[in-house]
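Below: one structure, written as structure tokens.
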Amino acid sequence: MTDLDVALQRVGPRLRQLRLERDATLADLAAETGISMSTLSRLESGTRKPTLELLLPLAKAHRVALDELVDAPETGDPRVRLRPVQRHGVTFLPLTRRPGGLQAFKEVLPPRPDLRPEPRTHEGYEWLYVLSGRVRLVLGSRDLLLTPGEVVEFDTRTPHWVGNPGPEPAEALAIFGPQGERMHVRA
């Protein structure tokens with residue numbers, strides 16, 4: 001049995017589940033979509049293969065995306081095409097799209113133990129959470145080694161530099177407020 005066959009077999013039970021969650025009858029759904037009750041019944045039982053012409057009105061009626069009807073694998077929002085950016089050897093994967101305001105990134109830092117820190121300043125405020133590996137942060141006169149689960153926050157007008165002393169790549173989540181916005185932590 002192919003992956004396509006397996007996916008098609010799952011459509012019928014998914015359609016039935018969605019209809020029942022809405023407390024709709026086959027007659028209700030037929031009136032809403034223009035698809036006959038017998039066709040809807042055969043789709044739900046799996047005796048009729050779903051087609052695009054049938055799935056589109058059903059997705060609309062159930063108020064779900066088409067890929068939710070066919071249980072498509074998660075691909076993220078297809079309208080958002082955020083591309084990784086490389087700066088100074090670090091890969092930044094944007095996690096937010098809106099311009100201005102807080103920006104979130106996943107950073108992948110390759111091991112570069114020989115890299116000499118060159119602290120810089122700029123407007124803003126940053127929050128950095130280490131996911132894996134080790135991250136070195138030079139912040140003003142302080143030299144910190146951060147490990148997974150540790151977090152720092154700082155005003156980016158303080159001279160700072162972030163690097164990876166190795167031996168393996170490091171990953172971190174960064175939230176940056178370009179106008180100095182700060183995180184509001186609630187317990």
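The values are calculated or read from the model by the stated rules, or taken from the named source; none is laboratory data. None of these values were measured; they are calculated from a predicted model. A quick note on method: Cβ atoms are made from the backbone with ideal geometry, for glycine too, and the neighbour counts reach across all protein chains shown.
Within the stretch 150-159, identify whether any single residue is without any contact (Cβ under 8 Å) to a residue 24 or more places away in the chain, surrounded by 14 or more Cβ atoms within 10 Å (Cβ to Cβ) and farther than 19 Å from Thr91 by Cβ, and answer yes or no. Looking through the stretch 150-159, at least one residue is without any contact (Cβ under 8 Å) to a residue 24 or more places away in the chain, surrounded by 14 or more Cβ atoms within 10 Å (Cβ to Cβ) and farther than 19 Å from Thr91 by Cβ.
Selection of the stretch 1-31 for residues being loosely packed, with under 14 Cβ neighbours inside 10 Å, part of a helix (DSSP H, G or I) and among the aliphatic types (A, V, I, L, M) yields Leu4, Val6, Leu20, Ala27, Ala31. Is it the case that the stretch 96-111 has a residue that's part of a loop (DSSP other than H, G, I, E, B) and at pLDDT 85 or above? The answer is yes; a qualifying residue exists. Note on the stretch 32-73: residues that are in a helix (DSSP H, G or I) and exposed (fewer than 13 other Cβ atoms within 10 Å of the Cβ) amount to 5. If you filter the stretch 71-95 down to residues that are among the β-branched types (Val, Ile, Thr) and at pLDDT 75 or above, you find that the one that is farthest from the chain's Cα centre (by Cα) is Val90.
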